[in-house]
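Student: Before anything else, here's the structure in question.
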Amino acid sequence: MRRSSSLADRLFWPLLAGGAASLWFGPKALLVAGLVVLVLVLHRLGRGGRFRRRVRAIARRHRETLALRRRQESYVDPYGNEILDGWLRERSYFAERTVLPRLEAEGYGDLIEARYDEILAIVEAASLSVALPDEGDAPPEDGLAYERFCAALLERAGWDAHTTKAAGDQGADVVAERDGIRLVVQCKRYAKPVGNGAVQEVVSARSYWNADHAAVVSNAGFTPAARKLAAVTDVLLMHHDELPDL
């Protein structure tokens, strides 16, 4: 990470040059040096504000996506508590992959560590600044009904989708086809993030059904282990409200 010069470093040479010039050209040279120093000080004092405005601008550009991801990566547990673990991971991911590289490229790298919590707070505010449309029909609580619910959402997107039999599905709850492409889906209506067991099952289902793609769909997000395994095995991890646009 490139280290920005300190205020003392920036002021040293103007003061030295001004002092030397004043010996030859008198007080006017010292006055010019003083004005240069004043401009540098004012610029430095305003740097924190520019830093915040830049973070806000980056976050605002993605606020619709952030709002949607916040909803998708949060859930309410059986005790009525809102669980934000998945969203907090997503928020940090956005900050580290989208915000920080731009700040470093623009010369704010020295401020990042001390103001990281401020960056997260700005991202959080951006995610809450968008009023998302209603999710529509609430997903059913029953597991089999949830599978039919997911199949219906795929139908809306133009897929020919049907649920499989409970026995012998080899890990596929829904099989969908469109334009010669076959997709197998494992549907999980959970009260907690889905683990990597579902990813393993749908990988097997992809082979069994000779499918081109495999996905796990859930209402409650996914564990880090599931995300890691899905990345290696080329499995889509999705919230059910992404299905109509698939």
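The values are calculated or read from the model by the stated rules, or taken from the named source; none is laboratory data. These numbers were taken from a predicted model, which means no experiment stands behind them. Please note: Cβ atoms are built from the backbone with ideal geometry, for glycine as well, and neighbour counts cover all protein chains shown. All accessible areas refer to the heavy atoms of the entire protein, side chains included, with ligands and DNA or RNA removed. Shrake-Rupley method; radii C 1.70, N 1.55, O 1.52, S 1.80 Å.
Student: Work out, step by step, the length gained on full extension between ALA105 and LYS192: first 0.36 nm times the residue separation, then minus their alpha carbon distance; give nm to one decimal.
Tutor: Using 0.36 nm per residue and subtracting the Cα-Cα distance, I get 27.5 nm.
Student: Please report, as a whole percent, how much of the solvent-accessible surface of region 114-236 comes from carbon and sulfur atoms (probe radius 1.4 Å).
Tutor: Reported share for carbon and sulfur atoms: 51 percent.
Student: Beta carbons within 10 angstrom, averaged per residue: use that to sort the peptides 108-114, 69-75, highest first.
Tutor: 69-75, 108-114
Student: Expected output is a single nm value to one decimal: the length gained when fully extending between ILE181 and ASP117, i.e. 0.36 nm times separation in residues minus the C-alpha distance. What is it? The partial results should precede the final answer.
Tutor: Values: separation 64, 0.36 × 64 = 23.04 nm, distance 4.43 nm.
Taking ILE181 through ASP117 to full extension adds about 18.6 nm, to one decimal.
Student: Still on this structure, I have one more. How far apart, in nm, are two points set 7 Å out from the Cα along the Cα-to-Cβ line at THR65 and at ALA152?
Tutor: The modelled label-to-label distance comes out at 3.1 nm.
Student: Another question, then. Could you tell me the accessible area of TYR116 in Å² (1.4 Å probe, neighbours in place), rounded to the nearest ten?
Tutor: 50
Student: Separate question: Need one word for region 76-192: rounded, prolate or oblate. Basis is the Cα gyration tensor (sqrt eigenvalues a ≥ b ≥ c); a/c below 1.5 gives rounded, then a/b vs b/c decides. If you can, show how the numbers build up before the last one.
Tutor: Numbers: a/c = 2.81, a/b = 2.06, b/c = 1.36.
Prolate.
Student: Computed FRET efficiency, Cβ-Cβ of THR98 and GLN170, R0 41 Å: what is it to the nearest 0.05? Show your work: numbers first, answer last.
Tutor: Details: r = 38 Å, r/R0 = 0.93.
The formula returns an efficiency of 0.60 here.
Student: So how do SER207, SER92 rank on accessible area, 1.4 Å probe, biggest first, that is with the largest at the start?
Tutor: Greatest to least solvent exposure: SER207, SER92.
Student: Using a Förster radius of 25 Å, what is the FRET efficiency between ARG52 and LEU88 based on their Cβ-Cβ separation? Nearest 0.05, please. Spell out each step's value before the answer.
Tutor: Numbers: r = 21 Å, r/R0 = 0.84.
The calculated FRET efficiency here is 0.75.
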